[in-house]
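The values are calculated or read from the model by the stated rules, or taken from the named source; none is laboratory data. Every value quoted in this text rests on a predicted model; they were computed, and no experiment measured them. Cβ coordinates were reconstructed from backbone atoms using ideal geometry, including for glycine residues, and neighbour counts include every protein chain displayed. Please note that ligands, DNA and RNA were not included when accessible areas were found on the heavy atoms of the full protein model with its side chains. Shrake-Rupley method; radii C 1.70, N 1.55, O 1.52, S 1.80 Å.
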Amino acid sequence: MQRIRKAVFPVAGLGTRFLPATKAMPKEMLTVVDRPVIQHVVDEARAAGIEHLIFVTGRGKAVIEDHFDRAYELEATLAARGKKAELEILNAAQPGAGETSFTRQQSPLGLGHAVWCARDLVGNEPFAVLLPDVLVLAKKSCLAQMIDAHRETGEKTNLIAVEEVAPDQTHQYGVVGMGARKGPAFEVTSMVEKPAKGTAPSNNIVTGRYILQPEIFEVLEKQERGAGGEIQLTDAMVALAKTQKFYGFNFEGTTYDCGSKLGFLAANVAFGLAREDIAESFRSELKRITAGSK
Ligand code: G1P
């Protein structure tokens with residue numbers, strides 16, 4: 001079984017739902033507790049053994065590149081002042097030399113196009129895709145759970161993290177039809193991007209974590225437009241499903257859609273309460289606030 005060594009992070013999105021916060025700052029740099037959203041997603045990937053992080057960025061996103069670089073002056077100053085704990089925080093979050101790559105999606109043509117922009121950096125091996133809007137709070141990294149499940153579905157298979165949502169929510173997502181069980185996963189029988197209300201094949205949505213075979217790039221190469229006039233990753237997966245197996249995997253954990261204001265606020269509460277160092281005082285603070293609100 002080929003190891004999953006590389007992960008692609010499509011981070012070119014405009015973040016219009018968070019204006020004015022995202023006017024001069026990428027939405028991926030909004031903070032959940034004390035680290036940017038993209039840092040949480042990268043931590044999930046690194047906890048799953050990913051060795052190379054591939055960012056598909058765009059105009060105005062250069063600060064993401066800086067975030068994953070060493071900050072020499074800052075580190076030197078912290079060291080001179082004996083700030084060991086702060087240095088440790090920086091070190092733990094730091095990918096090693098040569099473990100990151102950045103390429104740009106030059107036009108906003110859709111998620112499928114963003115992933116295709118990473119084709120040369122990925123090369124001819126299976127790889128992971130993690131959408132930075134989605135944070136998963138879980139005991140074991142969601143991607144690590146997926147890699148374990150993928151090992152059981154066999155060579156040349158693709159695996160998508162899925163979760164159930166209320167039927168009136170499915171039109172906002174990619175939706176999969178679920179067939180026979182295979183170990184910890186299910187065979188995917190159909191996939192559709194943003195189905196019209198009442199037409200979804202199930203309530204299982206694509207949550208933004210994928211393990212894909214490199215043949216997806218040959219399909220994306222054709223650059224066919226789908227829902228919203230965009231080049232959709234889901235459509236490319238539908239085409240690839242004619243020759244390769246796709247599996248859906250219900251992971252353990254709770255997802256937060258940080259692309260929406262409510263999801264982002266909820267993520268801050270949930271991740272804050274999950275942090276031993278602040279959980280207790282944060283809980284009392286939340287009680288105080290909610291007791292006073294109507
Ligand atoms: C993307 C995918 C969709 C998936 C969703 C998860 O949609 O195209 O299949 O369900 O992410 O958040 P977007 O949120 O970019 O519209």
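Remarks
- Qualifying residue in the stretch 232-240 (condition: assigned to a loop (DSSP other than H, G, I, E, B), within 12 Å of the ligand (Cβ to nearest atom) and touching a residue at least 40 places away in the same chain (Cβ under 8 Å)): yes
- Residues that are of a type in the set (A, V, I, L, M), near the ligand (Cβ under 9 Å from one of its atoms) and either at pLDDT below 95 or part of a loop (DSSP other than H, G, I, E, B) (or both), drawn from the stretch 202-231: A227
- Looking only at the stretch 91-108, residues that are farther than 30 Å from I231 by Cβ and open to solvent by less than 60 Å² (accessible area, probe 1.4 Å) come to 3 in all.
- Residue pairs meeting the criteria (Cβ under 6 Å; at least 6 apart or on separate chains; first among the polar types (S, T, N, Q), in the stretch 104-116; second more than 10 Å from the ligand (Cβ to nearest atom) and part of a loop (DSSP other than H, G, I, E, B)): Q105/A12; Q105/G58; Q105/C117
- Pick from the stretch 172-201, criterion in a loop (DSSP other than H, G, I, E, B) and within 22 Å of the chain's Cα centre (by Cα), ranking: farthest from the ligand (Cβ to nearest atom): P184
For (1) touching a Pro at 6+ places or on another chain (Cβ under 7 Å); (2) surrounded by fewer than 21 Cβ atoms within 10 Å (Cβ to Cβ); (3) within 30 Å of Q2 (Cβ to Cβ), each residue gets a yes or a no:
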{"site": "E28", "(1), (2), (3)": "yes, no, yes"}
{"site": "R35", "(1), (2), (3)": "no, yes, no"}
{"site": "R46", "(1), (2), (3)": "no, yes, yes"}
{"site": "I54", "(1), (2), (3)": "no, no, yes"}
{"site": "D66", "(1), (2), (3)": "no, yes, no"}
{"site": "L78", "(1), (2), (3)": "no, yes, no"}
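- Positions within the stretch 152-171 being open to solvent by 50 Å² or more (accessible area, probe 1.4 Å) and under 21 Å from the mean Cα position of the chain (by Cα), in sequence order: E164, Q169, H171
- Close contacts from the stretch 72-101, counting a first residue that is of a type in the set (V, I, T) and a second that is outside any loop (DSSP other than H, G, I, E, B) and surrounded by 14 or more Cβ atoms within 10 Å (Cβ to Cβ), with Cβ to Cβ under 6 Å and a gap of 6+ residues or different chains, come to T100/L53.
- Test: residue in the stretch 251-264 that is over 26 Å from Q145 (Cβ atoms), open to solvent by 40 Å² or more (accessible area, probe 1.4 Å), within 16 Å of the ligand (Cβ to nearest atom) and not small (G, A, S): yes
- Tallying residues that are in contact with a strand residue (DSSP E or B) (Cβ under 7 Å, 6 or more places away or on another chain) and outside any strand (DSSP E or B) within the stretch 94-107 yields 3.
- Condition check for A149 on (1) open to solvent by 50 Å² or more (accessible area, probe 1.4 Å); (2) at pLDDT 95 or above: one failure, at (1).
- Yes/no for F271 being open to solvent by less than 30 Å² (accessible area, probe 1.4 Å), within 21 Å of L131 (Cα to Cα) and out of contact with any helix residue (DSSP H, G or I) (no Cβ under 7 Å at 6 or more places or on another chain): yes
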